Structures are given as C-alpha cells and as structure tokens.
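What follows is a single structure, written as structure tokens, with notes after it.
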Amino acid sequence: MSVSGRTIERGRFAPSPTGELHLGNARTALLAWLSARSRGARFTMRIEDLDRPRCRPGLAEKQLEELAWLGLDWDEGPESAPPHTEAGPHGPYRQSQRGPLYDRAIEQLREGGHVYDCFCSRAQIRAAADALHSNDRADATSEASAPHGPQDDGPRYPGTCANLTAAEVATRRKSRAPALRLRVPHEPISFDDAIAGPQQFDPATEVGDFILRRADGVHAYQLAVVVDDAAMEITEVVRGADLLASTARQMLLYRMLGLRIPSWAHVPLLFGPPGIDGQPQRLSKRAGAETLSTMRARGDDPRTIVAQLARSSSLVGDEIAACTPAELLPRFALARLSR
Ligand SMILES: [Zn+2]
C-alpha cells in the first residue's frame with residue numbers, strides 16, 4: 001500500500017470479455033484513466049472473466065488492443081497487455097485465475113459467522129418473494145413491486161435458508177450443492193461519490209442476503225471486485241453509474257473483511273439517440289451503439305472518438321474535433337464532468 005509511508009494512488013478499469021466494447025465502455029475507461037493519470041496515479045487493467053461460459057475466447061485481448069488504440073496505457077494488467085505492463089501487486093489480473101483468493105475471503109467471512117448455505121432455486125426465490133409481497137402489492141405487475149437494487153440481481157432474497165440447523169444443512173447437501181450467501185446486517189450505508197454526490201443505501205432492505213458463490217461454484221461479482229480492488233491496492237474506483245447501487249454491498253464486504261475502502265466515482269452512462277418512446281436510451285448494442293471494433297475496422301481516427309467522448313463529458317467544447325487522451329490531462333478534473 002505504501003512506500004516509506006506514502007500511499008501509492010492507483011486507479012483501474014476492468015472490462016468483461018462477454019461483449020464488444022462500445023462507446024459507453026470507452027468513455028468510462030477514458031475517464032478512469034484521466035482521473036488516475038491527471039493525479040500522477042498508477043493505472044491497473046483487470047479482466048473480469050468470472051463467468052467463463054459467458055466469456056468469448058480471445059475477446060479480452062481484443063478489448064485491450066482497442067483500449068491501447070484509443071491511446072490509453074496501464075502499469076499493471078493481464079499478461080497479454082501491451083506494452084507498459086509490469087508485475088504489480090498480487091496479479092494475475094484475470095478473475096478466472098483468482099478463485100482461491102475469493103474462497104479465502106469466504107472462509108474469513110464464514111469464521112465471522114457471516115456466511116450460510118442456500119439451497120433455493122431461482123424459481124423458489126421468486127415464488128417466496130412474490131408471496132411475501134402479495135399483501136402490499138397495489139397493482140399486479142411484478143415489475144412495479146421489484147426491489148430498488150440493480151435489476152439483474154432479481155428479487156430481494158427473503159432469507160429462506162438463513163436459519164437452517166446444522167442437521168438440515170447436512171441433509172440437504174446430500175442432494176444439492178448450496179450457494180453461499182452473506183448475512184446482511186440491517187444498517188444503512190453512506191458514502192460520498194465524487195460525481196454522484198452523497199449516497200445512502202440499505203442493502204438488507206434492498207437486496208437482502210446476497211450471493212457470494214453460486215451453487216455451480218462461480219464467485220459473485222460483488223465479492224470478487226472487493227477482493228481484487230483491495231489486493232491490487234486500488235485507491236479510486238471510477239466506473240459506470242449502473243454500479244452505484246452495488247457499492248453499498250461492496251462496502252459491507254470491505255468492512256467485514258477489514259479492508260481499506262477506496263474512493264468512489266460513478267460516471268453517468270452515455271445515452272444513445274431517443275428511442276421509440278422519445279426517451280433517451282442507455283447506450284448498448286440494442287440502442288445501436290457502435291463498437292470500438294467496428295470503428296477501428298472502418299479506419300476511424302481514434303482521436304476523433306476520444307474527442308467525441310470528451311465533448312459528451314463536457315471536458316472540451318464543440319471546437320475540438322480530435323485529440324489524444326494525454327492532451328486532455330491538463331484540464332481534467334472529475335468535478336468538471338457533466339452529471
Ligand atoms: Zn435459500
């Protein structure tokens with residue numbers, strides 16, 4: 001963490017090789033890089049390939065090439081990273097190679113009494129959550145009664161397996177491998193986001209006891225990201241605003257594991273052109289966002305892409321048609337970003 005008492009500042013970007021990088025991903029990477037480099041901090045690249053079946057072979061290498069093509073560089077990263085890579089704290093930088101570290105963290109949490117086995121299927125959780133909410137549901141759509149957590153987390157876990165006896169657990173383990181869940185205390189979590197401002201979440205109410213490791217052995221993103229950012233000595237996390245709500249869960253894990261919590265900056269998502277309902281759409285392939293791959297293959301100048309991303313973040317005015325990331329450094333400040 002420190003050399004002669006001085007903390008080494010370190011930022012990071014962590015692409016997931018499950019889909020092509022689009023302009024929204026590129027903007028988040030650019031802003032994370034600018035925030036680190038403008039303060040003389042180191043920059044780490046990490047491949048988030050936890051869910052192997054969803055990862056496309058060779059895509060991670062391609063993503064790194066595209067980020068380098070844009071003009072970004074990094075001090076620590078996966079083996080295949082060009083050209084500034086060197087050994088940093090606690091690589092490797094691919095989550096698929098770091099399973100033992102995640103299991104060690106789970107053991108630490110288990111020793112503290114924070115982990116329990118869950119034998120519920122997805123369908124059982126949904127049914128239990130529906131039954132729990134059926135009384136206070138004013139309208140019949142399940143969307144309307146969905147919890148406030150990120151949508152991909154599914155319904156709030158109702159705690160079905162929270163108090164199984166040791167004998168019950170032993171019996172059930174014979175017929176089904178358990179998922180592991182964190183016992184989430186009722187405790188609001190507050191933090192000051194460098195872009196989004198003061199935040200407060202209550203994970204116990206919003207998502208309930210969340211998964212640390214799935215029944216198929218895949219570790220949860222929430223756990224891996226905390227273990228990795230701490231091991232890699234990341235001091236500032238700059239990432240997309242879609243992860244804002246999961247920050248509270250991660251802070252809970254930082255505290256339970258006795259790890260140093262980084263500072264947070266969640267950048268607004270880039271919006272695509274208005275959809276059929278007239279509302280701006282979150283940038284994704286569905287919204288017709290172009291991928292870096294397409295733009296690169298077409299022979300686009302990466303400096304025009306960087307300038308476009310910088311204009312969309314109010315870092316430069318309309319008069320700037322092309323620039324490199326390095327040319328944006330002198331004028332960069334997170335506080336200047338448009339929200
Ligand atoms: Zn359960």
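Of the strands (runs of 3 or more DSSP E) contained entirely in the range 161-225, those carrying at least 1 residues that are within 14 Å of the ligand (Cβ to nearest atom), outside the structural domain of Asp49 (by TED's automatic domain parsing) and buried (at least 18 other Cβ atoms within 10 Å of the Cβ) fall at 179-182, 211-213. Does Pro53 satisfy being modelled with pLDDT under 90, out of contact with any helix residue (DSSP H, G or I) (no Cβ under 9 Å at 6 or more places or on another chain) and either of a type in the set (A, V, I, L, M, F, W, C) or within 18 Å of Val218 (Cα to Cα) (or both)? Here the answer is yes, as Pro53 does meet what is asked. Arg183 meets each of the listed conditions (1) modelled with pLDDT of 95 or more; (2) more than 25 Å from the chain's Cα centre (by Cα) apart from (2). For the range 51-67, a residue qualifies if it is in contact with a strand residue (DSSP E or B) (Cβ under 8 Å, 6 or more places away or on another chain) and either within 16 Å of Gly11 (Cβ to Cβ) or not in a helix (DSSP H, G or I) (or both), and exactly one does: Leu67. Contact annotation: residue pairs with Cβ atoms under 6 Å, 6 or more positions apart or on different chains, pairing a residue in the range 113-142 that is in the same structural domain as Phe210 (by TED's automatic domain parsing) and assigned to a helix (DSSP H, G or I) with a partner that is modelled with pLDDT under 50 and away from the ligand (no atom under 16 Å from the Cβ), are His133/Ser145. Close Cβ contacts (under 8 Å, 6 or more residues apart or on different chains) running from residues in the range 295-311 that are of a type in the set (Gly, Ala, Ser) to residues that are in a helix (DSSP H, G or I) comprise Ala310/Leu30; Ala310/Leu328. From the residues in the range 4-31 that are under 13 Å from the mean Cα position of the chain (by Cα) and aliphatic (A, V, I, L, M), which one is surrounded by the fewest Cβ atoms within 10 Å (Cβ to Cβ)? Among those residues, the one meeting the criterion is Ala14.
Applying a threshold of 7 Å to beta carbon distances and a minimum spacing of six or more residues, or different chains, the list of pairs starting in the range 159-171 at a residue that is more than 20 Å from Arg122 (Cβ to Cβ) and ending at one that is β-branched (Val, Ile, Thr) and within 11 Å of the ligand (Cβ to nearest atom) is empty. Residues that are assigned to a helix (DSSP H, G or I), away from the ligand (no atom under 16 Å from the Cβ) and surrounded by fewer than 21 Cβ atoms within 10 Å (Cβ to Cβ): does the range 40-50 have at least one? Checked the range 40-50: no residue is assigned to a helix (DSSP H, G or I), away from the ligand (no atom under 16 Å from the Cβ) and surrounded by fewer than 21 Cβ atoms within 10 Å (Cβ to Cβ).
The values are calculated or read from the model by the stated rules, or taken from the named source; none is laboratory data. None of these values were measured; they are calculated from a predicted model. All Cβ positions, glycine included, derive from the backbone under ideal geometry; neighbour counts span all protein chains shown.
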